[in-house]
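The values are calculated or read from the model by the stated rules, or taken from the named source; none is laboratory data. All of these numbers come straight from a predicted model, not from anything done at the bench. No Cβ is skipped: glycine too gets one built from the backbone with ideal geometry, and neighbour counts run over all protein chains shown. Accessible surface is based on the protein model in full, side chains and every heavy atom, while ligands, DNA and RNA are left aside. Shrake-Rupley method; radii C 1.70, N 1.55, O 1.52, S 1.80 Å.
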Amino acid sequence: MAFTNNIMIVRHKLLADLVKLWKNDELVEKIDRLPIELSPRKSKPLGRCCVHKERAVWRYKTFPLMGLDMTDEHDEVTPLSEYARLALSRPEPDKENIMCVIDEACSSCVQINYEITNLCRGCVARSCYMNCPKDAIRFKKNGQAMIDHDTCVSCGICHKSCPYHAIVYIPVPCEEACPVKAISKDEHGIEHIDESKCIYCGKCMNACPFGAIFEISQTFDVLQRIRKGEKMVAIVAPSILGQFKTSIGQVYGAFKEIGFTDVIEVAEGAMATTSNEAHELLEKLEEGQKFMTTSCCPSYIELVEKHIPDMKPYVSTTGSPMYYAARIAKEKHPDAKVVFVGPCVAKRKEVRRDEAVDYILTFEEIGSILDGLGIELEQVQEFSVLHTSVREAHGFAQAGGVMGAVKAYLKEEADKINAIQVSDINKKNIALLRACAKTGKAAGQFIEVMACEGGCITGPSTHNDIVSGRRQLAQELLKRKESYETMDR
C-alpha cells in the first residue's frame, strides 16, 4: 500500500492487528494488551504528552474499527475485551451515526483561530483593539498586541483591521476541509460531526492530522458471519481496478480466500445505470427541462437532500450502479448477504436506504483484512467474474466516467447534448450548483457531479494512493476491449 501520511499507516496497522487477533480466535483474550504492545513503556510517542496518553488513543481508536463509538463506553475501567466481546456477539450493526470523533485524539488543534505574530509593530492606531467587539485585545509592555483567548470568539475582525497583516488565521484542518460546515467544536473543545448537515464526503477524515475521525466499520460483522458459514457475496466498485498491484483476477481470488461466496462487479450494475440514465436524460430534455444531473454519487444526493433542495427536480431518478448490482446479486444468490466494497464513506448511508445491500466494506478495510489474515495477493489463485462489462462501465470510477458512458451509449444522439462535470464538492462548486437549482439554468444539459476531485478513484477510503490509483486505473481501462462504441444498442 502506498501511504500518503502516517495517519493512514496507523489506521491500516491497527485494523490489521485486530483482524490478526480475530483470525487466531484471540481478539477478546489479547486485545487488552494491544495498546501496550503498540506503545511500550519506554517508547517516546511523537505528538503526545506521554506513553499513557498514546495508549489511551490506541484504545479508543479500536472502538470504531469494531463498529462502536465513544458513546458505547459507560465506565472507563471496563476493559477492551468487553467491547470486543460486544462487537463479536451483536446480531447486526446498530450505530445510527456513520462517522465519529475520537475525543482522546482530538485534543491538539487550536481552540482560537486567530493569533498575533511578532510582526505587530505596537502601532498607535491600535485598529485591532478599537474594533474588537469582545474587548479581547491586550498589550505587552513593549506595546505589541496579544489576544486574550478566554474572551476571543474568533470573529476575525482584528485580522481584517490590522494594517501590518500581523494577525494570522489558523485553520482547524477538519473544519477547513468540510464543504458544508458540518463539523465544529462542542462545549468541551472537541470536534463534533452534525449528521443533519454531513454529506459523508470523508474530506474531514483524511484532513485531521491526528487521525481522530473514523468511519464506524462493519469489518467484524462481515468476518463473523463468514466464520459462521453464512453466504456472503461481494459486489465490488469499478475503482477496484486501481487499488492493488496484482491482476484483478488475483484480487477477486483474494475475496474468495477471505470467504466470500461470489464476487460480482458493480460495473455490471453501471451498465443498467448508463442505459436508464441516458433514456431519462432524453425524456427530460424533450419535456423541456433545461438540464439533468447524475445520481450516482451518494454525497451529492446527501448534498441535495440537506443543503440544495431546489435541485431535486433536476437529479436523475435512476439508481446507482450499486443499486442494480445488488439486485443482480440477490437474484443470483437469494439466500446470501450482499456486501458492497468501495472507496466511499457516503455509500454507508446509501446502503442503509437500500434493502438489497446488507453490509459495506471499504478498500482500505479490505487491505487491512488481507494483511491481518495473511493473504498474499501474488500467491492467490485467480477468480474470474462471469459477466464482462463494457469499458465505459468500469470508467465510472473516474471523473467524467458517467458522462462519458452515457454519451458513448447514446452514440450520435449525444452530439446535440452539451455535457459538463462538477468534480469535487467544495464551497465554490456548491455555490455553482445552488445557483443552477435556483435559476433552473446551467452551462450544460447533462451534469455529472462527483464529491471527490478525481472521481471515486480518489475516494477517502481507497487502498492505493491517488496518483498511483489513477495511473493504474487508466492502464486497466485500456485492457478492456468491450465498449459501447462496438456494440449495438
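Rounded to the nearest 20, the Cβ-based charge dipole of region 112-169 about its Cα centre (Lys and Arg +1, Asp and Glu -1) stands at 220 debye.
With a 1.4 Å probe rolled over the protein heavy atoms of all chains, the accessible area of K337, K160 falls in the order K160, K337, largest first.
Using a probe of 1.4 angstrom, how much of the accessible area of region 112-169 is carbon and sulfur, in percent?
Details: 1910 of 3760 Å².
Accessible surface attributable to carbon and sulfur in region 112-169 totals 51 percent.
Distant-in-sequence amide contacts of S423, defined by a placed amide H-H separation under 5 Å and a gap of 5 or more residues or a different chain, comprise M450. About its Cα centre, the dipole of region 219-477 is roughly 680 debye, where the only charges are +1 on Lys and Arg Cβ and -1 on Asp and Glu Cβ. Spin-label model, H279 to E230: label points 7 Å out along the Cα-to-beta-carbon direction sit 3.5 nm apart.
Our compactness index for region 407-449, the C-alpha radius of gyration over the empirical 2.2 N^0.38 Å, is 1.32. The 3J(HN,Hα) values that the Karplus relation (6.51, -1.76, 1.60; θ = phi - 60°) gives for region 302-313 are, in residue order, 5, 4, 5, 4, 9, 10, 10, x, 5, 7, 3, x Hz. Gly and Pro appear as x.
Can you tell me what share of the DSSP beta bridges in the chain is antiparallel? A percent to the nearest 5 is fine. Spell out each step's value before the answer.
Working: 12 of 33 bridges.
DSSP beta bridges in the chain are roughly 35 percent antiparallel.
Determine the calculated [θ] at 222 nm for the chain from helices alone, applying -39500 (n - 2.57) to every DSSP H run no shorter than 4 residues and normalising by the residue count; nearest 500 deg cm²/dmol.
On the way: 20 runs with 193 residues, N = 489.
After summing the helix terms and dividing by the residues of the chain, the value is -11500 deg cm²/dmol.
The figure for R227 is an accessible area of roughly 100 square angstrom, using a 1.4 Å probe on the protein chains alone.
What does the net charge come to around I369 if you take all other residues with beta carbon closer than 11 Å to its beta carbon, with K and R at +1 and D and E at -1? The partial results should precede the final answer.
Details: positive: K20, K23; negative: E257, E364, E365, D371.
Counting the neighbours of I369, the net charge comes to -2.
For region 260-416, dividing the convex hull volume of the Cα atoms by the residue count gives 136 Å³ per residue.
How high is the relative contact order of region 219-477, given as a whole-number percent (alpha carbon pairs under 8 Å, six or more residues apart)? Provide the component values of the computation, followed by the final result.
Working: 474 pairs, mean separation 76.7, N = 259.
Reported relative contact order: 30 percent.
For I235, the amide hydrogen comes within under 5 Å of the amide hydrogens of I264, V339, F340, V341, counting only partners 5 or more places away or on other chains and with H modelled in the peptide plane. Computed with a 1.4 Å probe over protein heavy atoms only, the accessible surface of the chain comes to 46 Å² per residue.
For region 431-439, 3J(HN,Hα) computed residue by residue from phi via the Karplus equation (6.51, -1.76, 1.60; θ = phi - 60°) reads 4, 5, 5, 5, 5, 4, 5, 6, 8 Hz, glycine and proline entered as x. The ellipsoid that matches the Cα gyration tensor of region 112-169 has semi-axes, each √(5λ) in whole angstrom, of 15, 12, 11, with the longest given first.
Straightening the chain between V153 and K312 buys 53.6 nm, computed as 0.36 nm per residue apart minus the Cα-Cα spacing.
Just to confirm a number: summing +1 for Lys and Arg and -1 for Asp and Glu over residues other than H12 whose beta-carbon lies under 11 angstrom from that of H12, what do you get? Write out the running numbers ahead of the final one.
Values: positive: R11, K13; negative: D17, E364, E365, D371.
Net local charge, H12 excluded: -2.
For H192 and A435, FRET efficiency with R0 = 30 Å and r from the beta-carbon atoms, rounded to 0.05? Mind showing how you got there, number by number?
Numbers: r = 30 Å, r/R0 = 1.00.
For R0 = 30 Å, the calculated efficiency reads 0.50.
The solvent-accessible area of D415, taken with every protein chain present and a 1.4 Å probe, is close to 130 Å². For region 375-386, backbone phi angles converted through the Karplus equation (6.51, -1.76, 1.60; θ = phi - 60°) give residue-by-residue couplings of 8, 8, 4, 5, 9, 7, 6, 5, 10, 9, 6, 6 Hz, Gly and Pro being listed as x.
Assigning unit charges at the beta carbon (Lys, Arg +1; Asp, Glu -1) and nothing else, what dipole magnitude in debye, to the nearest 20, does the chain show about its Cα centre? Mind showing how you got there, number by number?
Values: 62 positive and 68 negative charges, 334 e Å.
So the dipole magnitude of the chain works out to roughly 1600 debye.
Share of carbon and sulfur in the accessible area of region 262-358 stands at 49%, probe radius 1.4 Å. The base-10 log of I(q)/I(0) for the chain, evaluated at q = 0.10, 0.11, 0.12 Å⁻¹, reads -0.83, -0.96, -1.10 [Debye formula, identical scatterers on Cα atoms, solvent excluded]. Across the chain, the relative contact order, built from alpha-carbon pairs under 8 Å that are at least six residues apart, equals 18 percent.
Got the relative contact order for region 112-169 handy, in percent, Cα pairs under 8 Å and 6 or more residues apart?
Details: 92 pairs, mean separation 27.8, N = 58.
This gives 48 percent for region 112-169.
Only one residue of A346, V315, M271 has its Cα farthest out toward the positive end of the dipole of region 254-367, where Lys and Arg carry +1 and Asp and Glu -1 on Cβ, and that residue is A346. Take the Cα of D32, step 7 Å toward its Cβ, do the same at R471, and the gap between the two points is 4.8 nm.
Which order do you get for E378, E331, E482 if you rank them by accessible area with a 1.4 Å probe, largest at the top?
On the way: E378 120, E331 155, E482 90 Å².
Highest to lowest solvent-accessible surface, that is E331, E378, E482.
Each of M66, P334, L88 was placed along the dipole of the chain (beta-carbon charges, centred on the mean Cα), and the one lying farthest toward the positive end is M66. The label-point distance for K245 and E176, in a model that sets each label 7 Å from Cα toward Cβ, rounds to 3.2 nm. Positive end of the dipole of region 202-308 (Cβ unit charges, origin at the Cα centre): among I301, Q289, G211, the Cα lying farthest that way belongs to G211.
Given R₀ = 56 Å, FRET efficiency for S108-E412 by Cβ-Cβ distance, to 0.05? For R0 = 56 Å, the calculated efficiency reads 0.45.
Taking Lys and Arg as +1 and Asp and Glu as -1, the other residues whose beta-carbon sits under 14 Å from that of G400 total -1.
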